[in-house]
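Here is the structure we will look at, set down as C-alpha coordinates.
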(Lines give C-alpha, C1' and ligand atoms only; values in the text may rest on other atoms or scores of the structure.)
Protein backbone atom coordinates (compact mmCIF):
# COMPACT_ATOMS: atom_id res chain seq x y z
CA UNK A 1 0.00 0.00 0.00
CA UNK A 2 2.82 2.38 0.87
CA UNK A 3 4.56 1.61 -2.39
CA UNK A 4 1.45 2.61 -4.37
CA UNK A 5 1.19 5.90 -2.47
CA UNK A 6 4.85 6.70 -3.02
CA UNK A 7 4.53 5.93 -6.75
CA UNK A 8 1.39 8.08 -7.05
CA UNK A 9 3.10 11.02 -5.32
CA UNK A 10 6.20 10.62 -7.49
CA UNK A 11 4.06 10.50 -10.66
CA UNK A 12 2.18 13.64 -9.58
CA UNK A 13 5.45 15.46 -8.85
CA UNK A 14 6.87 14.53 -12.26
CA UNK A 15 3.68 15.67 -13.99
CA UNK A 16 3.62 19.01 -12.18
CA UNK A 17 7.32 19.59 -12.83
CA UNK A 18 7.03 18.82 -16.54
CA UNK A 19 4.00 21.13 -16.83
CA UNK A 20 5.87 23.94 -15.12
CA UNK A 21 8.91 23.40 -17.31
CA UNK A 22 6.72 23.40 -20.42
CA UNK A 23 5.39 26.83 -19.48
CA UNK A 24 8.90 28.05 -18.82
CA UNK A 25 10.07 26.76 -22.19
CA UNK A 26 7.50 28.96 -23.91
CA UNK A 27 9.02 32.09 -22.40
CA UNK A 28 12.64 30.88 -22.39
CA UNK A 29 12.51 30.84 -26.20
CA UNK A 30 11.48 34.49 -26.12
CA UNK A 31 14.25 35.34 -23.66
CA UNK A 32 16.79 33.60 -25.92
CA UNK A 33 15.62 35.87 -28.76
CA UNK A 34 16.28 38.96 -26.63
CA UNK A 35 12.78 39.66 -25.32
CA UNK A 36 12.39 41.08 -21.81
CA UNK A 37 9.54 42.38 -19.67
CA UNK A 38 9.65 45.81 -18.07
CA UNK A 39 9.36 46.25 -14.33
CA UNK A 40 9.59 50.05 -14.08
CA UNK A 41 6.69 52.46 -14.17
CA UNK A 42 7.63 55.90 -15.45
CA UNK A 43 9.61 57.97 -17.94
CA UNK A 44 12.59 55.64 -18.13
CA UNK A 45 12.98 54.92 -21.86
CA UNK A 46 14.86 57.56 -23.82
CA UNK A 47 16.37 58.12 -27.24
CA UNK A 48 19.93 58.57 -25.91
CA UNK A 49 21.97 57.18 -23.03
CA UNK A 50 22.52 60.67 -21.60
CA UNK A 51 18.77 61.31 -21.55
CA UNK A 52 18.23 58.11 -19.54
CA UNK A 53 20.82 59.19 -16.97
CA UNK A 54 19.19 62.63 -16.77
CA UNK A 55 15.75 61.11 -16.17
CA UNK A 56 16.92 58.54 -13.61
CA UNK A 57 19.17 60.92 -11.67
CA UNK A 58 16.57 63.68 -11.74
CA UNK A 59 15.16 64.23 -8.26
CA UNK A 60 11.45 64.83 -7.80
CA UNK A 61 11.60 68.58 -7.61
CA UNK A 62 10.06 71.47 -9.54
CA UNK A 63 13.28 71.72 -11.59
CA UNK A 64 13.08 67.97 -12.30
CA UNK A 65 9.49 68.34 -13.50
CA UNK A 66 10.62 70.97 -15.99
CA UNK A 67 13.28 68.59 -17.35
CA UNK A 68 10.71 65.78 -17.68
CA UNK A 69 8.21 68.04 -19.43
CA UNK A 70 10.86 69.27 -21.87
CA UNK A 71 11.95 65.68 -22.64
CA UNK A 72 8.36 64.62 -23.34
CA UNK A 73 7.66 67.68 -25.51
CA UNK A 74 10.79 66.99 -27.56
CA UNK A 75 9.77 63.30 -27.86
CA UNK A 76 12.97 62.13 -26.18
CA UNK A 77 11.41 60.18 -23.29
CA UNK A 78 8.82 57.41 -23.22
CA UNK A 79 6.94 55.70 -20.41
CA UNK A 80 7.73 52.16 -19.34
CA UNK A 81 4.78 50.24 -17.94
CA UNK A 82 5.28 47.05 -15.91
CA UNK A 83 4.65 43.90 -17.94
CA UNK A 84 5.29 45.48 -21.34
CA UNK A 85 7.38 43.18 -23.53
CA UNK A 86 10.35 44.74 -25.30
CA UNK A 87 13.13 43.36 -27.45
CA UNK A 88 16.63 44.09 -26.20
CA UNK A 89 18.82 44.86 -29.22
CA UNK A 90 22.00 45.91 -27.39
CA UNK A 91 23.36 45.78 -23.85
CA UNK A 92 26.06 47.98 -22.37
CA UNK A 93 27.07 46.24 -19.11
CA UNK A 94 29.62 48.92 -18.19
CA UNK A 95 26.91 51.62 -18.03
CA UNK A 96 24.07 49.33 -16.95
CA UNK A 97 22.00 50.41 -19.96
CA UNK A 98 20.17 48.40 -22.63
CA UNK A 99 18.88 49.41 -26.02
CA UNK A 100 15.30 48.21 -26.54
CA UNK A 101 12.64 48.07 -29.22
CA UNK A 102 9.04 48.71 -28.14
CA UNK A 103 5.79 48.12 -30.01
CA UNK A 104 4.46 51.29 -31.59
CA UNK A 105 7.72 53.24 -31.22
CA UNK A 106 9.67 53.76 -34.45
CA UNK A 107 13.10 54.33 -32.85
CA UNK A 108 15.10 52.12 -30.51
CA UNK A 109 15.29 53.44 -26.95
CA UNK A 110 17.72 53.17 -24.04
CA UNK A 111 16.76 52.21 -20.50
CA UNK A 112 18.43 50.86 -17.39
CA UNK A 113 18.98 47.12 -17.63
CA UNK A 114 17.70 46.74 -14.08
CA UNK A 115 14.24 47.82 -15.35
CA UNK A 116 14.12 44.69 -17.54
CA UNK A 117 13.63 41.09 -16.47
CA UNK A 118 13.90 37.70 -18.12
CA UNK A 119 10.95 36.46 -16.06
CA UNK A 120 7.46 37.04 -17.46
CA UNK A 121 5.56 39.86 -15.75
CA UNK A 122 1.80 40.32 -16.03
CA UNK A 123 0.74 43.63 -17.57
CA UNK A 124 -1.98 45.94 -16.20
CA UNK A 125 -4.65 43.59 -17.58
CA UNK A 126 -3.17 40.56 -15.82
CA UNK A 127 -1.84 39.07 -19.07
CA UNK A 128 1.72 38.07 -19.92
CA UNK A 129 2.54 39.85 -23.17
CA UNK A 130 4.18 38.07 -26.09
CA UNK A 131 5.47 39.64 -29.30
CA UNK A 132 2.32 38.51 -31.10
CA UNK A 133 -0.13 39.93 -28.56
CA UNK A 134 1.72 43.21 -28.04
CA UNK A 135 2.22 44.18 -31.65
CA UNK A 136 5.98 43.84 -31.27
CA UNK A 137 6.87 41.90 -34.39
CA UNK A 138 10.48 40.97 -35.10
CA UNK A 139 12.10 42.54 -38.12
CA UNK A 140 11.66 40.27 -41.10
CA UNK A 141 12.74 40.46 -44.67
CA UNK A 142 10.02 40.60 -47.25
CA UNK A 143 8.83 37.13 -48.19
CA UNK A 144 7.05 38.42 -51.29
CA UNK A 145 9.07 38.34 -54.48
CA UNK A 146 7.37 40.42 -57.14
CA UNK A 147 9.87 39.24 -59.74
CA UNK A 148 11.42 41.39 -62.44
CA UNK A 149 9.68 44.48 -63.74
CA UNK A 150 7.60 43.67 -66.79
CA UNK A 151 8.96 44.91 -70.11
CA UNK A 152 7.03 45.60 -73.27
CA UNK A 153 5.11 42.66 -74.63
CA UNK A 154 6.16 41.25 -78.02
CA UNK A 155 4.53 43.19 -80.83
CA UNK A 156 3.66 46.11 -78.56
CA UNK A 157 5.21 49.51 -78.88
CA UNK A 158 6.98 50.66 -75.68
CA UNK A 159 6.18 54.29 -76.52
CA UNK A 160 2.70 55.66 -75.95
CA UNK A 161 0.75 56.61 -79.06
CA UNK A 162 -1.23 59.79 -79.62
CA UNK A 163 -4.70 60.06 -78.19
CA UNK A 164 -7.55 59.56 -80.64
CA UNK A 165 -9.01 62.71 -82.18
CA UNK A 166 -12.46 63.72 -81.01
CA UNK A 167 -15.27 63.16 -83.48
CA UNK A 168 -18.63 64.83 -83.77
CA UNK A 169 -21.64 63.34 -82.07
CA UNK A 170 -24.52 62.04 -84.14
CA UNK A 171 -27.35 64.49 -84.68
CA UNK A 172 -30.29 63.91 -82.40
CA UNK A 173 -33.42 62.82 -84.22
CA UNK A 174 -36.95 63.51 -83.28
CA UNK A 175 -38.92 60.85 -81.47
CA UNK A 176 -41.68 59.16 -83.43
CA UNK A 177 -45.18 60.37 -82.73
CA UNK A 178 -47.61 57.72 -81.51
CA UNK A 179 -50.45 57.15 -83.95
CA UNK A 180 -52.99 56.08 -81.36
CA UNK A 181 -53.38 57.30 -77.83
CA UNK A 182 -52.77 54.66 -75.19
CA UNK A 183 -55.52 56.19 -73.08
CA UNK A 184 -58.94 54.70 -73.84
CA UNK A 185 -61.50 57.12 -75.24
CA UNK A 186 -65.23 56.76 -74.92
CA UNK A 187 -65.43 55.91 -78.59
CA UNK A 188 -62.92 53.05 -78.35
CA UNK A 189 -64.74 51.43 -75.41
CA UNK A 190 -67.84 50.67 -77.43
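The values are calculated or read from the model by the stated rules, or taken from the named source; none is laboratory data. Because the structure is predicted, anything quoted here is derived from the model rather than measured. Glycine gets a Cβ as well: all are built from the backbone with ideal geometry, and neighbour counts include every protein chain shown.
Structure values in brief
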{"item": "Only one of 65, 25, 51 that is part of a helix (DSSP H, G or I) and either in contact with a strand residue (DSSP E or B) (Cβ under 8 Å, 6 or more places away or on another chain) or at pLDDT 95 or above (or both)", "result": "51"}
{"item": "Count of region 81-98 residues which are within 17 Å of residue 49 (Cβ to Cβ), surrounded by fewer than 16 Cβ atoms within 10 Å (Cβ to Cβ) and within 19 Å of the chain's Cα centre (by Cα)", "result": "1"}
{"item": "Selection status of residue 128, within 18 Å of residue 30 (Cα to Cα), under 27 Å from the mean Cα position of the chain (by Cα) and modelled with pLDDT under 90", "result": "no"}
{"item": "Residue satisfying all of: in region 109-138; out of contact with any strand residue (DSSP E or B) (no Cβ under 7 Å at 6 or more places or on another chain) and surrounded by 14 or more Cβ atoms within 10 Å (Cβ to Cβ); nearest to residue 51 (Cα to Cα) among these", "result": "123"}
{"item": "Residue check, residue 98 in contact with a helix residue (DSSP H, G or I) (Cβ under 7 Å, 6 or more places away or on another chain) and not in a helix (DSSP H, G or I)", "result": "yes"}
{"item": "Subset of region 68-86 that is out of contact with any helix residue (DSSP H, G or I) (no Cβ under 6 Å at 6 or more places or on another chain) and part of a loop (DSSP other than H, G, I, E, B) - its residue that is nearest to residue 132 (Cα to Cα)", "result": "84"}
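To keep it simple, each residue is scored yes or no on (1) under 29 Å from residue 120 (Cβ atoms); (2) surrounded by 12 or more Cβ atoms within 10 Å (Cβ to Cβ); (3) in contact with a strand residue (DSSP E or B) (Cβ under 8 Å, 6 or more places away or on another chain); (4) at pLDDT 85 or above.
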| site | (1), (2), (3), (4) |
| --- | --- |
| 36 | yes, yes, yes, yes |
| 55 | yes, yes, yes, no |
| 73 | no, no, no, yes |
| 79 | yes, yes, yes, yes |
| 107 | yes, no, no, yes |
